[in-house]
1. I'd like to know if region 82-101 contains one or more residues that are touching a residue at least 60 places away in the same chain (Cβ under 8 Å) and over 18 Å from the mean Cα position of the chain (by Cα).
2. Looking only at residues in region 54-79 that are surrounded by 15 or more Cβ atoms within 10 Å (Cβ to Cβ) and touching a Pro at 6+ places or on another chain (Cβ under 8 Å), which one is nearest to residue 36 (Cα to Cα)?
3. So if I check each of 131, 114, which one is modelled with pLDDT under 95, away from the ligand (no atom under 16 Å from the Cβ) and out of contact with any strand residue (DSSP E or B) (no Cβ under 8 Å at 6 or more places or on another chain)?
4. Quick one: is residue 179 touching a residue at least 60 places away in the same chain (Cβ under 8 Å), part of a loop (DSSP other than H, G, I, E, B), away from the ligand (no atom under 16 Å from the Cβ) and in contact with a helix residue (DSSP H, G or I) (Cβ under 9 Å, 6 or more places away or on another chain)?
5. Restricting attention to region 81-98, and to residues there that are closer than 19 Å to residue 205 by Cα and out of contact with any strand residue (DSSP E or B) (no Cβ under 8 Å at 6 or more places or on another chain), which single residue is nearest to the ligand (Cβ to nearest atom)?
6. Given the residues 170, 141, which is the only one that is crowded, with 16+ Cβ neighbours inside 10 Å and under 24 Å from residue 38 (Cα atoms)?
7. Does residue 168 count as more than 20 Å from residue 28 (Cα to Cα), modelled with pLDDT of 95 or more and either in a loop (DSSP other than H, G, I, E, B) or touching a Lys or Arg at 6+ places or on another chain (Cβ under 9 Å) (or both)?
Amino acid sequence: MAADRPEAMQNEKEEETDASPEMMIKHPLQNKWTLWFYKHDKNRSWEDSQIEIASFDTVEDFWALYNHIEVASLLPIGCDYSLFKQGIKPMWEDERNKKGGRWLINLCKQQRSSELDNFWLEVLLLLVGESFEDHSDDICGAVVNVRPKGDKIGVWTGDSKKPESILRIGTILKERLRIPRQVNIGFQAHTDTMSKSGSTAKNRFTV
Ligand code: MGP
């Protein structure tokens with residue numbers, strides 16, 4: 001009889017009944033995402049230095065991974081994190097990247113301590129939260145480069161010939177990062193970045 005059971009066990013029973021599916025089931029994301037890490041290694045090619053860290057497809061597993069790893073600003077100089085939809089490698093050559101490009105945010109040196117980690121987290125949330133309205137399917141991933149000359153964040157899209165989608169993605173990105181109106185960010189096609197002769201590829205779009 002329930003009334004005869006020790007109090008501790010009765011409480012246990014009540015908790016069991018209270019645990020709704022909402023409490024037990026992780027919150028699914030629309031896509032599965034893979035986090036990659038790049039560290040220069042003179043004995044390996046650039047491609048082979050890209051290491052897959054982990055994949056996740058729930059809100060809870062995103063935070064578990066995010067809280068487990070170092071923030072970007074504390075990575076050794078020269079390293080990258082990349083977050084891409086599962087199945088897309090964080091490289092120009094991937095079938096789903098090769099016709100695409102990136103919105104590029106160049107940070108000045110001082111912004112490593114003041115902005116880099118917030119910007120990168122906002123970008124991660126934009127991606128996993130599918131926050132680009134009808135254009136989230138055009139997103140491939142994002143990269144943060146920690147560099148001595150100034151860090152960079154790139155949001156990669158799959159088709160550099162979709163102006164409407166690219167411009168909307170750029171506008172949402174700029175708004176979400178609270179980049180001032182008077183500061184422009186540019187979108188470059190990967191084909192231009194690959195073959196650039198100077199230090200920057202030309203912008204196909206700016207917002
Ligand atoms: P980077 O890491 O994107 O920028 O590219 P970084 O270090 O700031 O250099 P900068 O040239 O933009 O000033 C550095 C180098 O990594 C490139 O010149 C390529 O040799 C290599 N690399 C970068 N990416 C994104 C790719 C890629 O997608 N594919 C291949 N094969 N090499 C790449």
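1. Yes: one or more hits.
2. 57
3. Working: 131 fails: modelled with pLDDT under 95.
None of the others qualify; the one that does is 114.
4. Working: touching a residue at least 60 places away in the same chain (Cβ under 8 Å): yes; part of a loop (DSSP other than H, G, I, E, B): yes; away from the ligand (no atom under 16 Å from the Cβ): yes; in contact with a helix residue (DSSP H, G or I) (Cβ under 9 Å, 6 or more places away or on another chain): yes.
So residue 179 passes the test.
5. Narrowing region 81-98 to residues closer than 19 Å to residue 205 by Cα: 92, 97-98.
This time we only want the ones that are out of contact with any strand residue (DSSP E or B) (no Cβ under 8 Å at 6 or more places or on another chain), so: 92, 98.
Working: 92: 4, 98: 9 Å.
Only one residue tops the list, namely 92.
6. Values: 170 fails: under 24 Å from residue 38 (Cα atoms).
Going through 170, 141 in turn, just one is crowded, with 16+ Cβ neighbours inside 10 Å and under 24 Å from residue 38 (Cα atoms): 141.
7. Values: more than 20 Å from residue 28 (Cα to Cα): yes; modelled with pLDDT of 95 or more: yes; either in a loop (DSSP other than H, G, I, E, B) or touching a Lys or Arg at 6+ places or on another chain (Cβ under 9 Å) (or both): no.
Against the criterion (more than 20 Å from residue 28 (Cα to Cα), modelled with pLDDT of 95 or more and either in a loop (DSSP other than H, G, I, E, B) or touching a Lys or Arg at 6+ places or on another chain (Cβ under 9 Å) (or both)), residue 168 does not qualify.
Results for (1) among the charged types (D, E, K, R); (2) closer than 22 Å to residue 82 by Cβ; (3) surrounded by 14 or more Cβ atoms within 10 Å (Cβ to Cβ); (4) in contact with a Leu (Cβ under 7 Å, 6 or more places away or on another chain), shown as yes or no for each residue.
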| position | (1), (2), (3), (4) |
| --- | --- |
| 158 | no, yes, yes, no |
| 166 | no, yes, yes, no |
| 175 | yes, no, no, no |
| 179 | no, yes, yes, no |
| 182 | no, no, no, no |
| 189 | no, yes, yes, no |
| 204 | yes, yes, yes, no |
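The values are calculated or read from the model by the stated rules, or taken from the named source; none is laboratory data. Just so you know, these numbers come straight off a predicted model, no measurement behind them. Note that each Cβ is placed from the backbone with ideal geometry, even for glycine, and that neighbours are counted across all protein chains shown.
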